[in-house]
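What follows is one structure encoded as structure tokens, with my remarks underneath.
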Amino acid sequence: MTYFADVVTLARKDLLLELRSRDTVPAMVLFVIAALVVFSFSVPADVEERASYGLLWIGLVFTALLGLTRAFAAEREQRVLDGLVLAPCDRSAIWLGKGIAVVAFLLLAEAVALPAFHLFFEPVGWELVAGVLLADVGLASVGALLAAMAAASRTRELLLPLLFLPLVIPVVVGGVGASLAEDPGRYLAFLGLYDAVFAILSWATFEYVVTE
Amino acid sequence: MSTAEKFIAAAYLVVLAAVLLYVVIYAFKIARLEREVAELAELARRRRAA
Amino acid sequence: MWLAAAAATLLVAGLGLALFWIPEVEGDPAFPIFYLHVPVALTAYACFGWAAWKALRLLWTREGSYDLESYTAVHMGVIFAILTLVTGSIWAKYTWGQWWVWSSRQLVLFLVLFLFYSAYFMLRYSVEPGPRRANMAAVYALFGIVLLPVSFLAIRLAEDVIHPPPVVVTREGPQITDELMLVFVVCLAGMLALAAALYTNELAGKRLDGRLRELRESLQ
């Protein structure tokens, strides 16, 4: 049971840090709103309203990217990551703790973004919410691992989008499909599949990303 | 040549061109490696003489 | 290198047969492009699969030598992926009149893979050489091979809502007779042999590079 205790400790650490410094989540919230506003100016009038769902998903992906870029920033600055890796906990607990924190940040940002979207653009139905929840898991799983990779590189913030975007294309497809299709179940099931596959893969390989 | 044949030829030529390009790049690489080996052989000879 | 010789014979034979021997396909006179495009695509998949296998071996055994093999395989895969995109694009231009069609699953999948594996090189260039970089690259290569089927599924799902196939009914494939199959297999074998020959060459070159560098360091 110490594994889960470790995970909880790590996740709590990130959440407490965020609670005290309050820099990532407000930025994410502002970003997603700003992005939506920019989108409202970028599509011509005769484009179908349904296209806005696509824009929402783009906004969510980039908001996730924003949050993830900060994900390992604190560890890197304080050189804490080496300490964590040396600690006798299973390295994948680091990934899980970080992933949980990222999901929490995303949920907070979406709690503002979705009502805003509902108000300014198109109605938000249960399928969209379910899709967003499932997508959060996938984005955080893959993102936490890739953020650790990027943190170890020279180019850091530049590298993360390059690694992240191709991998999350299926998430965008699943999310947009769930919002638009007559049969959202297939797309939601697909998102579930993506989550399962990539969460397991990330969990299993995280150890190798942070060690020699 | 019919249009279809032109396109087919284009596709085949592209692949051929890619392979030939690879060969050319490789030739340059081998030339560079030979130069390096010669340099290192010279270095080794000087070392032994010293 | 007998591999290169095998590649050359198989390819010339296969493509020659494709051009001259098999009968024309009804409604698609440019069909012989498929004898090029599909083997190239399958070879790209094979290269990425090989890279993932080598990556797995690296993580499993912690033997650093697998890193170079995985890297070279990804390199080959990207080359063949580019060729797939180009040949596919040529066929698309002939069939649909445009150089790109979002409704072609194969093309879109390869675009996604191309993006993904290009980022592989960015990853390698941004990290200091060493076991850490080898590990990260290996994990990324594994993600790539998992992304392959997941992306394909995603693209198929996307067809309903995002990229529907053109209204014109997609052309039925020709009857796959034994002759067509034989020529296809020969072309595929030739393309795989070509990839293998290029891979071995590239690997030998990189290894030589490494040894020369070591030699230089020990002499200076």
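Throughout, read-outs are computed from the coordinates displayed, never taken from laboratory work. On a predicted model such as this, the values are computed, not experimentally measured, just so you know. FYI the Cβ positions are ideal-geometry reconstructions off the backbone, even for glycines, and counts take in every protein chain you see.
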What distance in nm separates the two pseudo spin-label positions at B:ALA31 and B:ARG46, each 7 Å out from Cα along the beta-carbon direction? 2.4
Relative contact order as a percentage, chain C, C-alpha pairs under 8 Å and 6+ apart, gives 37
Within chain A, which complete DSSP H helices have Cα atoms spanning at least 30 Å along the helix axis and a mean Kyte-Doolittle hydropathy of 1.0 or higher? A:91-120, A:126-151, A:159-180, A:184-210
Work out from phi, with θ = phi - 60° and the Karplus expression 6.51 cos²θ - 1.76 cosθ + 1.60, the ³J(HN,Hα) of each residue of region C:207-212, listed in order in whole Hz, and give x for Gly and Pro. 5, 4, 3, x, 5, 5
What net charge do the residues around A:LEU134 carry, taking every other residue with its C-beta under 14 Å from that of A:LEU134, with Lys and Arg at +1 and Asp and Glu at -1? -3
Between A:GLU182 and C:LEU212, what FRET efficiency follows from the Cβ-Cβ distance if R0 is 60 Å, with the result rounded to 0.05? 0.45
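Can you tally the net charge around C:ASP209? Count Lys and Arg as +1, Asp and Glu as -1, for every other residue whose Cβ sits under 12 Å from the Cβ of C:ASP209.
Values: positive: B:LYS29, B:ARG32, C:LYS206, C:ARG207, C:ARG211, C:ARG213, C:ARG216; negative: B:GLU36, C:GLU202, C:GLU214.
Net charge around C:ASP209: +4.
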Lysine pairs in the protein assembly as shown with Cα atoms under 21 Å, if 8 or more residues apart or on separate chains: 4
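Note down the net charge around A:PRO184, summing +1 for each Lys or Arg and -1 for each Asp or Glu among other residues with Cβ under 12 Å from its Cβ.
Details: positive: A:ARG186; negative: A:GLU127, A:GLU182, A:ASP183, C:ASP160.
Every neighbour counted, the sum reads -3.
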Short version: ³J(HN,Hα) in whole Hz for each residue of region C:99-115, in order, from phi by Karplus 6.51 cos²θ - 1.76 cosθ + 1.60 (θ = phi - 60°), x for Gly and Pro, what are they? 6, 9, 10, 6, 7, 8, 4, 4, 4, 5, 4, 5, 5, 4, 4, 4, 4
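Using Cβ contacts closer than 10 Å as the measure, can you line up C:SER104, C:SER218, A:SER141 from fewest to most? Before the final figure, lay out each step's value.
Numbers: C:SER104 22, C:SER218 9, A:SER141 26.
The order, fewest Cβ neighbours first, is C:SER218, C:SER104, A:SER141.
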Using modelled backbone amide H atoms (1.01 Å from N, in-plane), which distant-in-sequence or interchain residues come within less than 5 Å of C:VAL127's amide H? A:ARG154
Percent RCO, i.e. relative contact order, over chain A, from Cα pairs under 8 Å lying at least 6 residues apart: 27
What 222 nm value per residue comes from the helices of chain A, counting each DSSP H run with n ≥ 4 as -39,500 (n - 2.57) and dividing by all residues, nearest 500 deg cm²/dmol? -28500 deg cm²/dmol
Tilt of helix C:34-61 relative to the longest C-alpha principal axis of chain C, in degrees (0 to 90, nearest 10)? 30
For A:ASP23, the residues 5 or more places away or on another chain with a placed amide H closer than 5 Å to its own amide H are none
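How high is the FRET efficiency between C:ARG156 and A:LEU133 when r is their beta carbon distance and R₀ equals 30 Å, given to the nearest 0.05? Before the final figure, lay out each step's value.
Numbers: r = 23 Å, r/R0 = 0.78.
Working from the Cβ atoms, E equals 0.80.
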Determine ³J(HN,Hα), in whole Hz, for all residues of region C:185-191 in sequence, where each value follows from phi through the Karplus function 6.51 cos²θ - 1.76 cosθ + 1.60 and θ = phi - 60°; x replaces Gly and Pro. 4, 4, 5, 4, 4, x, 5
Quick check on packing: order A:28-39, C:64-75 by the mean number of other C-beta atoms within 10 Å, highest mean leading. C:64-75, A:28-39
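Shape of the protein assembly as shown from its Cα gyration tensor (a ≥ b ≥ c, root eigenvalues): rounded if a/c is under 1.5, otherwise prolate when a/b > b/c, or oblate?
Working: a/c = 2.35, a/b = 1.16, b/c = 2.02.
Here the protein assembly as shown falls in the oblate category.
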